[in-house]
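J.: Pasting a structure below so you can have a look.
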Amino acid sequence: QELPDQVPIGHVPRTMAVQCRGELTRSCNAGDIVTVSGVFLPARFTGFKAMKAGLVADTYLEAHRIERLKKNYEDCVVDE
């Protein structure tokens, strides 16, 4: 999700689904500011979802590396 100071007034922050496996699953907590490196992949719709959806696939990021920058937003100092 985008940082609150990067979102225009009146807009909702954009989000992305990230899939973590193994040791990466416990490397950060909700509210942490992180940099995620990985592969951007499609997730095919199946069953009723495929008939209902206009797109053929959704997308997600398969995480290969997670770097925790700050524990939470209050600890972050933004330089302008």
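J.: Going by average Cβ density within 10 Å per residue, which order do the peptides 3-15, 21-33 take, highest to lowest?
T.: Packing proxy ranking, top to bottom: 21-33, 3-15.
J.: Also, quick follow-up: Extending each Cα 7 Å along its Cβ direction at Val18 and Ala43, get the distance between those two points in nm, one decimal.
T.: 1.5 nm
We did not get these values from a lab; they are worked out from the coordinates using the rules stated. Note that the structure is a prediction, hence the values are computed from the model and not measured. For neighbour counting, all protein chains shown are included, and Cβ atoms are generated from backbone atoms with ideal geometry for every residue, glycine included.
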